[in-house]
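Structure first, commentary second.
The values are calculated or read from the model by the stated rules, or taken from the named source; none is laboratory data. Every value quoted in this text rests on a predicted model; they were computed, and no experiment measured them. Ideal geometry is used to build each Cβ from the backbone, glycine not excepted, and the neighbour counts take in all protein chains shown.
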Amino acid sequence: MNMKMNLNTLINKIHYIAFSVMVLFGSSSIAQQNLISWEVADPALNRKFIEMYLNQLIENDKFDQNSIQASDVVMVQMQQQDGKLTLKRLRAKNYDSGEYRRFMMDQVKKLGPDIMNTIMDRKYKWAEINRRDLSALETYSNIDNILNERSFKRARDGFWWTTSQVEVSTNQSIYIRSKSTNQAFRLETGISDLGLYPQFFGNTILGLSNDISSTYFIVPRQAKVDVIKQPLDGTFGIGFKFDTHSIGGQVNYMDSGNKFKTGKVFDENHVVLPSASGLVYWSNTFAINNFIDFSKLGFLKRLNKNLSGAERTDEPFGSLRLKVGLSFTEFIHAKLKPGSKDEKEGRDLEITDRLNKVDEALGFFVRSELVTDNKKLKAYAQANQSFSGFNNIGFGAEYSIKVLKVGVQVVNIPKGSGLEFLESNTNDNLWKWYPAGESGGQVVSPYISFHF
Amino acid sequence: MKINNFLKIKLFIIAILLIGSGFSQSVKSLDKRKYIAWTVDHMPYHILVEDAIIDYNALNTLENPRVKKKSAKKKVLILKEMRAEDLLIIVQQKKSTKNEIHEIWYGNGLNFDVIPREIVDWVLSQDIQQALIEKDQYLNSPSDVVFFESENQRLLASYSSRFSLWKQHNFLMSTEELYLRSNLLQYSANFALGNTLVGLPGALFSSTSMGVGTRNSEIGIRFPAKINLLSIGNGLNDNRLLREYLGLYSKVTIDNMFSTGASFHAQMGFNFFPRSSTVVTDTSYFRKNDIDEEDEYVNIIDMYALFAATFEVPLKIPTISRVTFTPGLHYMKVAHRTKDKDNNLFNRTFYGYDYDNKSYLRYGDGEKASTKAFGLYGRVDLMTDIGVIPSFLQKYKFLNFIKINKVPLFEVSLQHITQLNTITSVAVNINDNVSFSMTTYSGEQDGTVRGGWLPNKNMWLGVRYRSDF
């Protein structure tokens, strides 16, 4: 008896579990519905379908109730449910007025299976539909259209190399880019991402780049700008750089064991060299809408009547890329060892201090880059701040007029921004390097570029 | 007569088999002169195409009664679902007046599916096609997959070279490295215990490196950790290498440099070490300052760099499927120091004493306490046919445990850096996932970097496991 009861209980439990499983699977099958929506992009098919529909209305004397025009575009929505595919909604979109119109479905059904199967088969050119179209189809999506998601390259190419094939600039940069192989020769001055701007770090970067990575030689050259009191020195070295949609970085090394020629360093007793450095950053790219009504700026209209995004619209007109990262730069202080005053003969460095501990060499890097979709305007703003006390801010903008680009770079070195070194190996005296003097300074560098 | 007929039948069957095997190796290929092809490395576009194929299949599925009727007349092409890890290759006709996609290939290794021109418009919207064809607007890389004429070429191309930063499999663990790759994020994490390619295997690398990699680059940190697995030999002398300081490293690859077929590889690394104020010019300093014996002659790899280009040598050797040659330039700078009990460093200008001449052996004139070693780099890599066990080994039944399909049985390399060392390596793949290797090291006598901190000889045994997860 007891055993029978247990058996009954067990059977009941099995029934309960089976019912639960059925409910679960039943509900999941209800949930398994998928909507596929598109717009017919084949003009001939659009015309044919709407003409057949209009003829059907005329035939059935219902043309008076019609609002659909022959120039409208058909939008289709199919529903996939329980392994079956059915036509859920059909709309006509008028691009001129932006209106959506309903078909009379009882009339559509009379069009015959051939044309309906053709429409539903989607064996023709078709186009994506946007969120507004979806709402016309009484469907709401919380998924972003990936096509609107900005590829980082739109903003990146303007700063990584050039969007042209050749670009030569008075800001001491040259790019020769082979579009067929996606490789380029690159000549730049300074290592701007690390805050070592050409205005006070004149070393030339000679490199070979592809879409993701770049390898380059660093060739010493002195910067000569009036505002800068003491530029950084440099020597021969190498560097690698890479940039992808989310992560980028670079590593640079200059050999302080090289010979330095008399007269080729700014101050023989105070040689300051960013001998080794690295940077890693995270980045993201956003589409930006036209938040400023450029149409109200008369001079911009005169400058270029075709400036894309001049009229305020909801459509994106540019890409904004944000980068945030950490840098690590070893600065060394040295003096030239006594030697020949012959300018052709090199002399060794006597290194007196190396700033390479974490609390000295670590720094933060923030940069934003903006490029308009028509590639005519680009701008950037960047801040570098290191624990050692060396900080700077840079920003710039560039506008393209046919083969000419006009731009300006501004580097601001705040008051007190500099580095503190041990002056000598024999005493503990400190010496401070302030690139623009203790009170800081600002360098404004206009430039022009030619690109083809 | 009967025997003759039997022979004829046998020959006929062999001929059929040979022809069959010949056909089985040929694959669909396109003419390189007429088309260009590239892989889509921008993941959002990859996802768009994945979804488009699912939708296309849904619209043409046989479960759809409407299509069933039509399918009786004409067979509908159902596409294989595209996976996240599949390569997506866009093919465009060169010099075509139409700016359109010719074909879309997707797959991996040997297996690629093709969306032909006729149905590209049905599968992909005009918007997606427009986005995909504008390759200047997203991340992509050139692809040769569609031009390979045989399975062997495809296998060879997908088989990673030692210089590849983007490995064939997304998981690799060996006695030298750990490599993990995310197919979705398109980044890899790398952990390396030594660096044979720059001539510093095992503990000689003086650091353990950990970094993040992309298809063409890698960047990371050099950690002061000593890990030396399966090293055989007692003359490693690696206790003369200081590994107390952090550093950085980076690697870069540029494939098919200027369409020459050669791949450019560069890598470098350096350490951040503290200043050293005093110069040690003789051994009396050791006694005066109570320097521990192991800290008297210490060295720091200040910096290493390698610039090399790999190209395939057009050599036809029986059972050898690929021979690659990598010439290049190698550079290493070593700082010579003495360390006291407070971890202060002192520039050391000598590495020994010459009892015959009664003078110290010095690194150079004056107070020179570092060595720069510029060397020519040469490396040859050979591999046997992929998936083939040479016939002379097939007769040994005890080797039946070897089952290879996508890997060569042997991989042999010889690497020489002038004035530094010669490293040879032999790897045996016992199946598609596991291999065993032996690396021998032979130091250059009177090499540029003097001071006896590199071994004369050493050997490392290795195990490698690679797979996809």
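Before moving on, here are some points about what is shown:
- Considering B:ALA266, B:ALA203, the condition of being under 30 Å from A:ASP211 (Cβ atoms), in contact with a Ser or Thr (Cβ under 9 Å, 6 or more places away or on another chain) and either of a type outside the set (Val, Ile, Thr) or in the same structural domain as B:LYS167 (by TED's automatic domain parsing) (or both) is satisfied by B:ALA266 alone.
- When residues of the range A:130-149 are limited to those that are within 19 Å of A:ASN289 (Cα to Cα) and at pLDDT 65 or above, the one farthest from the chain's Cα centre (by Cα): A:ARG132
- If you go through the range B:106-120 and keep only what is within 18 Å of B:GLN168 (Cα to Cα), of a type in the set (A, V, I, L, M, F, W, C) and surrounded by 15 or more Cβ atoms within 10 Å (Cβ to Cβ), you end up with just B:PHE112.
- Looking only at residues of the range B:184-225 that are more than 9 Å from chain A (Cβ to nearest Cβ) and of a type in the set (Val, Ile, Thr), we find that the one that is farthest from A:GLN250 (Cα to Cα) is B:THR196.
- Of all residues in the range A:364-391, none that is farther than 17 Å from A:HIS451 by Cβ and free of Cβ contacts under 8 Å to residues at least 40 places away in the same chain has its Cβ atom under 7 Å from the Cβ atom of a residue that is outside any strand (DSSP E or B) and among the aromatic types (Phe, Trp, Tyr), 6 or more apart or on another chain.
To keep it simple, each residue is scored yes or no on (1) closer than 19 Å to B:GLN153 by Cβ; (2) modelled with pLDDT of 90 or more; (3) outside the structural domain of B:ILE389 (by TED's automatic domain parsing); (4) buried (at least 23 other Cβ atoms within 10 Å of the Cβ).
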position: B:ILE301; (1), (2), (3), (4): no, yes, no, yes
position: B:PHE307; (1), (2), (3), (4): no, yes, no, no
position: B:LYS316; (1), (2), (3), (4): yes, no, no, no
position: B:THR319; (1), (2), (3), (4): yes, no, no, no
position: B:THR324; (1), (2), (3), (4): yes, yes, no, no
position: B:LEU329; (1), (2), (3), (4): no, yes, no, no
position: B:MET332; (1), (2), (3), (4): no, yes, no, yes
position: B:THR338; (1), (2), (3), (4): no, yes, no, yes
position: B:ASN343; (1), (2), (3), (4): no, no, no, no
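- Meets criteria (under 30 Å from A:ALA127 (Cβ atoms) and in contact with an Asp or Glu (Cβ under 8 Å, 6 or more places away or on another chain)) for B:SER141: yes
Yes or no, residue by residue, for (1) assigned by TED's automatic domain parsing to the domain that holds B:ARG33; (2) farther than 26 Å from A:ASP373 by Cα; (3) at pLDDT below 90:
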position: B:GLU103; (1), (2), (3): yes, yes, no
position: B:TYR106; (1), (2), (3): yes, yes, no
position: B:GLY109; (1), (2), (3): yes, yes, yes
position: B:LEU124; (1), (2), (3): yes, no, no
position: B:ILE133; (1), (2), (3): yes, no, no
position: B:LYS167; (1), (2), (3): no, yes, yes
position: B:LEU172; (1), (2), (3): no, yes, no
position: B:THR175; (1), (2), (3): no, yes, no
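- Counted residues, the range B:143-176 - those being surrounded by 19 or more Cβ atoms within 10 Å (Cβ to Cβ) and within 14 Å of chain A (Cβ to nearest Cβ): 4
- Residue that is surrounded by the fewest Cβ atoms within 10 Å (Cβ to Cβ) [pool: residues in the range B:238-270 that are under 23 Å from B:GLY443 (Cβ atoms) and modelled with pLDDT under 90]: B:ASN239
- When residues of the range B:13-49 are limited to those that are surrounded by fewer than 19 Cβ atoms within 10 Å (Cβ to Cβ) and either charged (D, E, K, R) or touching a Cys at 6+ places or on another chain (Cβ under 9 Å) (or both), the one modelled with the lowest pLDDT: B:LYS28
- Conditions (1) within 26 Å of B:TRP166 (Cβ to Cβ); (2) away from every other protein chain (no Cβ under 13 Å); (3) at pLDDT below 85; number of the one not met by B:GLN137: (2)
- Of all residues in the range B:445-454 being surrounded by 16 or more Cβ atoms within 10 Å (Cβ to Cβ) and more than 26 Å from the chain's Cα centre (by Cα), the one that is modelled with the lowest pLDDT: B:THR448
- Checked against the criterion of being surrounded by fewer than 21 Cβ atoms within 10 Å (Cβ to Cβ), closer than 24 Å to B:THR214 by Cβ and modelled with pLDDT of 95 or more, the range A:204-212 has at least one qualifying residue.
- Hits in the range B:207-260 - residues which are under 23 Å from B:ARG348 (Cα atoms) and in contact with a Leu (Cβ under 8 Å, 6 or more places away or on another chain): B:PRO224, B:LEU236, B:ASN237, B:ASP238, B:LEU241
- Qualifying residues in the range B:226-251 (those that are without any contact (Cβ under 8 Å) to a residue 40 or more places away in the chain and within 14 Å of another protein chain (Cβ to nearest Cβ)) - the one nearest to B:TYR187 (Cα to Cα): B:SER250
- Sub-6 Å Cβ pairs linking a first residue in the range B:272-287 that is away from chain A (no Cβ under 14 Å) to a second residue that is of a type in the set (D, E, K, R) and surrounded by fewer than 19 Cβ atoms within 10 Å (Cβ to Cβ), at least 6 apart or interchain, are B:PHE286/B:GLU296, ordered by first then second residue.
- Unique match (being more than 32 Å from the chain's Cα centre (by Cα), within 14 Å of another protein chain (Cβ to nearest Cβ) and modelled with pLDDT under 95) among A:LYS264, A:LYS259, A:LYS224: A:LYS259
Residue by residue, here is whether (1) modelled with pLDDT of 60 or more; (2) not in a loop (DSSP other than H, G, I, E, B) holds:
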site: A:THR285; (1), (2): yes, yes
site: A:ARG302; (1), (2): no, yes
site: A:SER308; (1), (2): no, no
site: A:GLU311; (1), (2): no, no
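- Scanning the range A:267-279 for residues that are farther than 11 Å from A:GLU330 by Cα and at pLDDT 95 or above returns a single hit, A:LEU279.
- Test: residue in the range B:90-105 that is crowded, with 20+ Cβ neighbours inside 10 Å and not in a strand (DSSP E or B): no
- Selection count where residues are of a type in the set (Lys, Arg) and under 29 Å from B:THR418 (Cβ atoms), scope the range B:332-360: 3
- Yes/no for A:ASP193 being touching a residue at least 12 places away in the same chain (Cβ under 8 Å), under 19 Å from A:SER445 (Cα atoms), touching a Leu at 6+ places or on another chain (Cβ under 8 Å) and not β-branched (Val, Ile, Thr): yes
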